[in-house]
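A short write-up of the structure that comes next.
Rule-based calculations on the coordinates, nothing more; no lab input. What you are looking at is a predicted structure, and each value in this text was computed from that prediction instead of being measured. Using ideal geometry, Cβ is built from the backbone for each residue, glycine included, and neighbour counts are taken over all protein chains shown.
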Amino acid sequence: MARITATADLVTWDSFEQPHRTARDYTAFGPFHFTWPQYDDALLALSAEFSSGKR
């Protein structure tokens with residue numbers, strides 16, 4: 001799981017956790033920042049991948 005925060009300019013992923021492995025420490029993982037064009041391009045590519053059946 002992660003917190004996703006969206007502003008006018010950026011999408012940020014942070015506060016990662018794995019609820020089934022609570023002992024693991026994810027504090028060094030992220031945060032990850034994406035501009036909206038980067039984020040939109042990645043979502044479009046992922047959507048195309050699922051639509052093509054290449055999963």
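A few comments on the model shown:
- Relative contact order for the chain, counting Cα pairs under 8 Å that sit 6 or more residues apart, in percent: 28
- For peptides 4-17, 21-34, sequence by mean Cβ density within 10 Å, most packed first: 4-17, 21-34
- Computed on the Cα trace of the chain, the radius of gyration divided by the Kirkwood hydrodynamic radius gives Rg/Rh = 1.08.
- Only helices enter the 222 nm calculation for the chain: every DSSP H run of n ≥ 4 contributes -39,500 (n - 2.57), and dividing by all residues gives -9500 deg cm²/dmol, rounded to 500.
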